[in-house]
Amino acid sequence: MNLANISDLAGALIGFLLTLMVFSYLIKDNPLFRLAIHIFIGVSAGYATITVFYNIILYRLISPLIQSPLSQIYLVLPPLLLGIWLLTKASPRLSHLGSPVVAFMVGIGAATAITGALSGTLFPQIEASINLFDLQAARQSGNNLAFWLFNAMVVMAGTITTLAYFHFGVRDRQESAGRRQPWIDFLGRIGQIFLVVALGGLFAGVYAAALNALIKQLTFIWDFIWMMLGTIL
Amino acid sequence: MKSPSAIFNMTIACSAGLVTLLGYFIPPLAGIRDVLLQWAVILAGFALLVGIINLLSAHFRKLSKAKKGGFYSLVLILSFVGSLIVFGVSGPDGSWSLLLFNSVQVSVESTLLALLTVVLAYAAIRLFHKEVTRATVLFMLTFLIVLVSSAPLFGLSNTPLLSELREWLSSVPIVAGARGILIGVALGVLAAGLRILMGVDRPYGR
Amino acid sequence: MADIRCQMCGKLNPSNLDVCQFCQARLRPVWESAQPEEEPLAGSGGEGDEIPEWLRSLRSPDMGAGETPSGSGLDWLSDVEPDEFAADAVKNVFDLEPEEKLDDWLSGAASLAEPESPKAEDSFDQVRSELSFLEETPFSSAAPEEEETPDWLDRFRDEQGEETPERMDFSPAGQEQPSPEEAPDWLARIQEAQMGDWSPPQEPASEPESWSPESQPEETVPEFTPSEEAPGWFTEPAPASEAGEEAFGEAEEPDFGAIFTPETQPESAESQQGVPDWLASLYSGQEEAPSPFMAEPEAAEPETPSAAEKAELPDWLSGVAETSAEPAAAAGGIYTAPLEDEFPQTGAEGEAAEESKPDWLSELEAQGASALEGQSPPPFTPAFDDFNLEEFSVGEETPDWLSKLEASSSAQPSEEAVAAFLFEGKGETPFTTEPPGEALPQVDAFTGLPEWLSEVTQAEEPEEHPEESGKAQALAPTELPAWLESMRPVEPAASATPFKDATDSRVERSGPLSGLSGVLPVGAHAIRAGKPSNFSIKLQVTEELQNRALLLQKLMEDESKPKPLPAPSAAPTPYLIRLGLFAVLALAVFFALFLGGGQIPLPVGKAIPQSLNDAYRQITTLPDNAAVLLAVDYSPGYVGEIEGAAQAVVQHLAGRGASLAAISTNPSGPALAERLLQNIDPALAAANQFHNLGYLPGGTAGLFGFAQSPEAMVPFDLQGKPFWQQEPLNPQLGIRNFAMLVVMTENAETARTWIEQVAPAMSPAPVLMVLSAQAEPMILPYYQGKPQQVSGMVVGLAGGAAYENLINRPGDSSRAWDAFSLLVTVSLAVLLIGSLASAALGAITRGKQSKVESSV
């Protein structure tokens, strides 16, 4: 057994134990589960710290200053000072001092989100909804045109009614007085159907992902036990 | 009347956002926009460090005051320090780092997600216990259809009908609902962003 | 202008102020501040009509209209002979010894002009000094400034324990007289007057001042200078005490001491121009007069006014003045004899004044002389019934008039006592200068009536005062007829005859009420300790309270009693269900693993989704040596689902010879990317083909910035090597160096962000998605929309297994396919059975509840 094997064995053992400790939560909350969770949080925080140090502090601040200090000064010095200023957010008493930096970040994030939502989702999806009724594309796909058209109408109806359910439905619940239009109410009810179907599909996908994780961990346990048995035996 | 600090913060947020937006249309502003974006990325890294510092300080406080659960705080702090040493020495992509990462982080997160299987199954079972409505029936039907169609049933061969049904569900009703959700989310992001740029919403504090 | 010293706080104030600027006390009398300073003195010009004639006549003929007579409006007081009787009465009233300290503050006022040596007692000087505040004094500016406390007060402090109170002695002879420069102005004037330097004051002539403050002129304050207007009688030696000069130099007080001390009377008429002659004549020859405030009443020979002064006295006063009153004995009373129009005259001057005496006065004198001949002046006669005169009488015998007064006196309200201090009429003084033995009419201090009048009153009721023999003899009782006698109204028992309460004969011996009887006792014996009422200590509990107490007791008892535990429900607890579910699923997995795999065929043909086929086609048609950007943005928990598919895609890309660059917006991404790159078939792996760019923070902004300027955002890879200078990348192209974007994530939002921010910049490069099954529904619109934003998707374990099957590289997905299939089957069964059972149980429970509710 070389060191790599030992290290692999040690890693596997640690993983095995931690897996069992987390599975113990099925019985009830217990100290083993808490211990495993706290170890996990500590290790995750440690790795995140190192990653930020390498990718930001070392490669974006220190290295540019070392290699070409003058040309990079405008890219390095302001964010370095602002970053130190932002560290005041860690103190409850000095937290208010870091608000301008956060405001800067929020402003830029909001602007990028606006452009992305507009050009990346809103316009293409509206265009896609319109292009559902592209008969030429339907013919090229070779599908039944009627079926294609039916599908297109269902998709369009589903899109519109889902939008109607979200905006008008929520608004109706928030309003204490007044009624919405009956036809909007009817559209909202239809949109509720499409919404339920979409959420059903999402739930299935989450369950499938969880099944896959269960399979992986049980497989790991199975493999570790067999490995240990094989090693022992 | 807003305080001077609130006005100052709002001015910063609005000006930064405006420069970023106008950089799309005004080429001379694109350079300034890129510089601001680089600063924002670096500051985002510092923001992650602030979060970690806050986490450690909370557990330090818990440990120093000898509150209940102080042992776990000690374990967390020790784990952080130990992993910091290992990751720092080995590097983010070193072998020891990967070993520690695989044995701890991957194992625990995967196990936590595995626990979700039981929880979701129990929640699906209890769905009809309180009330059986059209929505719950439709939800359960969709769930089962999509789940079953994701993999062939054990012992059974692939059923084309089930696959086509799943295909139609995915491409028509699910897409319709998802597209409506996406458009609504996009409109919400647009509205929220405009509110921030206009200073109506100030999530960065006063 | 000269500053005014405040009497309260002792601080200097400008002379133009009426109220102290420090303590807000009045600096001047109200009547003085009511008139402007520039106005002519009271009594001048227009005021001359307001001043009584008798007062005006007191003024010197040389004085102007605005001048005050002899610098003080109380000159007439100086002619009043101090009454020893009054002094002794005061002493006895307060139960004071000669060395009593109470007199100190009073004597301190009187000792303003006195040297340190003990002065002769002069009760009138004392009173004069005390009341000097009522009158303006032009000497206010003469006080030294170093002292802040009033003279009288300091003297009181200093003289604690001193036995000899100081008295004001205005006598210029035999006294230490400070130099005019040292003395206050008013005092200096007095000195000068005594020395003959006194010059008539500039104030207009006016009547002798009354006690009314309004009649006091104001101009005398600022304009009065010592060298000019100090009256003779007012000129007196400077006091030796410290603050003596201040207190009375600044105070606008009428100098009673000067008024009442005969010695201060100038011998010459010119020197006494300020003193009415009638008043001066009263005191001529009178050395000293005991102050009623002094502890040691000393006999003072009364003065008799000079002949020249007598000539100037009004008729009504001259008779009085000639009546030489002996120095006031110890039994002089300050409460007695308000000096109305009668001023006692003593000595030889009294004979000269007899000629001008009114007849009624002569008669009274004759009566009194006969009654009081050989007797000491009547002692102080308070108006209380049980007043024990023996304590106050100096002589051994009580004069008849006094005993009559005692018999006839009844309890008088204290108002009458107060009245004795108030000068109810013009020209009144509380002092009498009746010498002992003089049958001068004494004024009852409490009734305000002269003695003679009181006697007359007593004579009208002979049956109530059988003790009155003298006056009763004058009038013979008439015989009333019987029918008239029967009509005599029956008077109440306490109406006619003052009731003399003989039950309490105690006489107060201390305190301000000493000498009086009928005073409420303050001793313990006075308070009759009555038996306190007995209160029961038992708690009075009503029936309602008892009921409440019983209820509380019952509640407390029930609290300690163990309650029966509810029966356990038939349904198993949730954690048992969870354990059962886990057990079933785990058994299924172990069974599938036990079987070894390969039991379930991998997806092929139509079982493979179109999105996967498109992804496969995209990678297949990728140019050679293309650079592909891998976005490793899934969490470590989804390794089991996504890593298999991701591994297959990466393997396919590596087989296509693509240069791979992995970047992540997740802090855990670099490690996961490293796992992917390290698991590539070593035969296909090339060190220069795989680059781990690490972590890109910032979320949306970071991706947008990376899309716009990737080299600036990520200049180095995780190894620290400059990435963008390596082949086949062209630094000029930026993000367009990459021919494909493969996004690996379980989060639909992350995938959407990559599609929104980076994909447009890489267009027309295809975007492939390796997704978790939970993200697929939300990304399908991007895939199915036209224009197509996502070129292909590999979804979940099934997609990974299918892709592995397509590239013919079994991996983790293929291995887990059997277990996944079995789990899906088991889950389907469990969910169906469980849902049906849950629905049935719920229906039964709802039915039972509805039955219970309906039965209720």
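Just so you know, all these numbers are worked out from the coordinates, no wet-lab data involved. Predicted model only: the values in this text are computed from it and were never measured. Virtual Cβ from ideal backbone geometry, glycine too; neighbours counted across all protein chains shown.
Quick rundown of the values:
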item: For C:ARG5, distant residues with modelled amide H under 5 Å away; result: C:ASN13
item: Exposure proxy order (Cβ contacts within 10 Å, fewest to most) of A:TYR59, C:TYR783, B:TYR24; result: B:TYR24, A:TYR59, C:TYR783
item: Cα gyration tensor shape of segment B:132-199, rounded if a/c is under 1.5, else prolate or oblate by comparing a/b with b/c; result: prolate
item: Rounded FRET efficiency, nearest 0.05, which uses the C-beta distance separating C:LEU595 from C:ARG617 and R0 of 51 Å; result: 0.90
item: Prolate/oblate/rounded label for segment A:7-153 (Cα gyration tensor, a/c 1.5); result: oblate
item: Exposure proxy ranking, count of Cβ atoms within 10 Å, fewest first, for A:ILE184, A:ILE56; result: A:ILE184, A:ILE56
item: For peptides C:698-709, C:624-635, A:215-226, A:103-114, sequence by mean Cβ density within 10 Å, most packed first; result: A:103-114, C:698-709, C:624-635, A:215-226
item: Highest to lowest packing among C:543-554, C:791-802, B:103-114, scored as the average C-beta count within 10 Å; result: C:791-802, B:103-114, C:543-554
item: Partner chain coverage, peptide C:814-823 - average Cβ within 10 angstrom; result: 6
item: Segment A:132-233 - charge dipole about Cα centre, Lys and Arg +1 at Cβ, Asp and Glu -1, debye rounded to 20; result: 220 debye
item: Environment charge at C:LEU551 (Cβ cut-off 14 Å; Lys +1, Arg +1, Asp -1, Glu -1); result: -3
item: C:ARG736 paired with C:SER855, simple spin-label distance in nm, labels 7 Å along Cα-to-beta-carbon; result: 8.2 nm
item: Distance (nanometres) between label positions extended 7 Å along Cα→Cβ at A:LEU58 and A:THR88; result: 3.1 nm
item: Farthest positive-ward along segment B:64-206 dipole, Cα basis, beta-carbon charges - from B:SER171, B:LEU197, B:VAL86; result: B:LEU197
item: Whole-Hz couplings from phi, Karplus 6.51/-1.76/1.60, listed for segment A:208-217; x for Gly and Pro; result: 5, 4, 5, 4, 5, 5, 5, 4, 4, 5
item: Per-pair calculated FRET efficiency, R0 = 41 Å: C:ILE537 and C:THR503 via Cβ, rounded to 0.05; result: 0.55
item: Computed label-point distance, nm, for sites B:GLU164 and B:LEU194 using a 7 Å Cα→Cβ extension; result: 4.6 nm
item: Using a Förster distance of 56 Å, the FRET efficiency for B:PHE25-B:THR133 (Cβ separation, nearest 0.05); result: 0.65
item: Cα-based Rg of segment B:1-68 normalised by 2.2 N^0.38 Å, two decimals; result: 1.72
item: Amide H within-cut-off set for C:MET740, under 5 Å, with H built and near neighbours excluded; result: C:LEU629
item: Cα gyration tensor category, rounded, prolate or oblate, for segment A:132-233 with a/c compared to 1.5; result: oblate
item: Neighbouring partner chain Cβ atoms per residue of C:719-728, average, 10 Å criterion; result: 1
item: Residue-averaged beta-carbon neighbours from other chains (10 angstrom radius) around B:129-142; result: 5
item: Packing-based order for C:736-745, B:58-67, C:768-777, C:673-682, using average beta carbon neighbours within 10 Å, highest first; result: C:768-777, C:736-745, C:673-682, B:58-67
item: Whole-angstrom Cα spans of chain B along principal axes, big to small; result: 66, 51, 40
item: Euclidean distance between Cα centres, segment C:582-637 to segment C:751-822, Å; result: 9 Å
item: Neighbour-count order for B:GLU131, C:GLU643, fewest beta carbons within 10 angstrom listed first; result: B:GLU131, C:GLU643
